[in-house]
Amino acid sequence: MGSMIPSGDQVLLRHGDHRAVVVEVGGGLRSYALGDWEVLDGYAESEQCSGGRGQALLPWPNRVRDGRYAFGGTEHQLALTEPERHNALHGLARWVSWTVAARGPAHATLRHVLHPQQGWPFALELLVAYDLSGEGLRVTTTATNLGDEPCPYGAGWHPYLSVATERIDDARLRAPGRLRAETDGQAIPVGDPLPVDGTRYDFRTPRAIGGVRLDTAY
């Protein structure tokens with residue numbers, strides 16, 4: 001019996017010098033390269049995805065404080081998937097199997113039906129389409145409410161871009177945001193956005209990242 005690949009079935013896409021690998025687990029993007037340049041800091045076929053690399057964050061990105069939310073006048077309790085911070089983190093689709101709904105040499109569409117479950121009494125059809133062309137990689141996310149009532153929905157993505165060096169200290173960053181979201185101990189934004197003027201978070205003019213730690217929404 002062969003060993004199981006942690007991210008499930010692998011779908012290789014090619015267009016010219018572009019190549020990408022999308023995976024069954026989470027419908028995610030394991031790698032993307034242009035020639036010898038690894039555009040993403042992905043993970044190997046033999047590895048489990050770590051840190052959310054290339055994952056689709058559905059049907060919500062970021063964090064739900066204490067896993068509790070209200071919708072339509074009803075309180076709901078989600079499982080705490082970030083227990084160290086007491087949050088429900090990055091949705092419900094990251095570790096489930098997706099199926100290949102359409103496939104070509106440079107295109108694949110992955111599909112998952114998110115059924116009602118504890119803390120999420122809704123049904124969604126989720127589609128993620130990957131398209132390679134001479135312009136690069138385009139990723140399109142579509143969600144369809146399969147129920148009779150409205151449902152909450154949000155989407156996000158988690159690619160880890162590579163700067164092709166072991167460390168990012170010497171990499172020059174430009175981030176045009178004038179304001180940043182301040183977060184609390186649960187890594188959830190609180191209060192009004194703060195100006196970046198005169199702070200270590202001001203990267204409107206390109207400069208080396210150095211020792212600045214960034215887990216920052218601008």
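I'd like to verify a number: residues in the stretch 122-134 that are in a loop (DSSP other than H, G, I, E, B) and surrounded by 14 or more Cβ atoms within 10 Å (Cβ to Cβ), how many?
Residues that pass the stated criteria total 2.
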Next item on the list: Would you be able to say whether some residue in the stretch 94-104 is part of a strand (DSSP E or B), under 21 Å from H158 (Cα atoms), in contact (Cβ under 8 Å) with a residue 60 or more places away in the chain and aliphatic (A, V, I, L, M)?
Entry: yes
Check: Just checking, how many residues over the stretch 189-218 are in a loop (DSSP other than H, G, I, E, B) and over 26 Å from L40 (Cβ atoms)?
Finding: 11
Notebook entry, point to check: Out of (1) closer than 19 Å to L132 by Cβ; (2) in a loop (DSSP other than H, G, I, E, B), what's the single condition that is false for S50?
Noted result: (1)
Item checked: Hits in the stretch 189-218 - residues which are acidic (D, E), at pLDDT 95 or above and either loosely packed, with under 14 Cβ neighbours inside 10 Å or touching a Pro at 6+ places or on another chain (Cβ under 6 Å) (or both) -> D192, D197
Next item on the list: Working only within the stretch 51-65, note down all residues that are among the aliphatic types (A, V, I, L, M) and either surrounded by fewer than 18 Cβ atoms within 10 Å (Cβ to Cβ) or over 8 Å from the mean Cα position of the chain (by Cα) (or both).
Entry: L58, V64
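Conditions (1) in contact with a Lys or Arg (Cβ under 8 Å, 6 or more places away or on another chain); (2) of a type in the set (G, A, S); (3) closer than 21 Å to Y32 by Cα; (4) exposed (fewer than 14 other Cβ atoms within 10 Å of the Cβ), marked per residue:
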position	(1), (2), (3), (4)
L92	no, no, no, no
T99	yes, no, yes, yes
G104	no, yes, yes, yes
H112	no, no, no, no
V139	no, no, yes, no
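Could you check the stretch 1-16 and list, in sequence order, the residues that are open to solvent by less than 30 Å² (accessible area, probe 1.4 Å) and either aliphatic (A, V, I, L, M) or within 18 Å of P159 (Cα to Cα) (or both)? Lay out the reasoning, then the answer.
From the stretch 1-16, those open to solvent by less than 30 Å² (accessible area, probe 1.4 Å) are 7-8, 11, 13; that's our starting set.
Of everything in the stretch 1-16, those that are open to solvent by less than 30 Å² (accessible area, probe 1.4 Å) and either aliphatic (A, V, I, L, M) or within 18 Å of P159 (Cα to Cα) (or both) turn out to be S7, V11, L13.
Just checking, does the stretch 155-170 include any residue being farther than 30 Å from P195 by Cα and in contact with a Pro (Cβ under 7 Å, 6 or more places away or on another chain)? Steps first, answer last, please.
Keep residues of the stretch 155-170 that are farther than 30 Å from P195 by Cα, which gives 164-166.
Among the residues that remain, those that are also in contact with a Pro (Cβ under 7 Å, 6 or more places away or on another chain) are: none.
No, that holds for no residue.
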Next item on the list: Scan the stretch 147-163 residue by residue and report those that are open to solvent by 50 Å² or more (accessible area, probe 1.4 Å), within 20 Å of L78 (Cα to Cα) and more than 18 Å from the chain's Cα centre (by Cα).
Entry: E149, P150
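Would you mind finding the one in R30, R19 that is at pLDDT 95 or above, crowded, with 16+ Cβ neighbours inside 10 Å, within 19 Å of the chain's Cα centre (by Cα) and at negative phi? Steps first, please.
Details: R19 fails: within 19 Å of the chain's Cα centre (by Cα).
Being at pLDDT 95 or above, crowded, with 16+ Cβ neighbours inside 10 Å, within 19 Å of the chain's Cα centre (by Cα) and at negative phi holds for just one of R30, R19, which is R30.
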Check: Can you name every residue in the stretch 80-125 that is closer than 21 Å to G8 by Cα and among the charged types (D, E, K, R)?
Finding: R94, R103, R111, E125
Check: Within the stretch 135-188, can you find the residues that are modelled with pLDDT of 95 or more, farther than 19 Å from Y201 by Cα, part of a loop (DSSP other than H, G, I, E, B) and touching an Asp or Glu at 6+ places or on another chain (Cβ under 9 Å)?
Finding: L146, Q186
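The values are calculated or read from the model by the stated rules, or taken from the named source; none is laboratory data. All figures in this text were calculated on a predicted structure; none of them were measured in a lab. Neighbour counts run over all protein chains shown; Cβ positions are idealised from the backbone, glycine included. Each accessible area value is taken on the protein alone, full model and side chains, heavy atoms only, with ligands, DNA and RNA left out. Shrake-Rupley method; radii C 1.70, N 1.55, O 1.52, S 1.80 Å.
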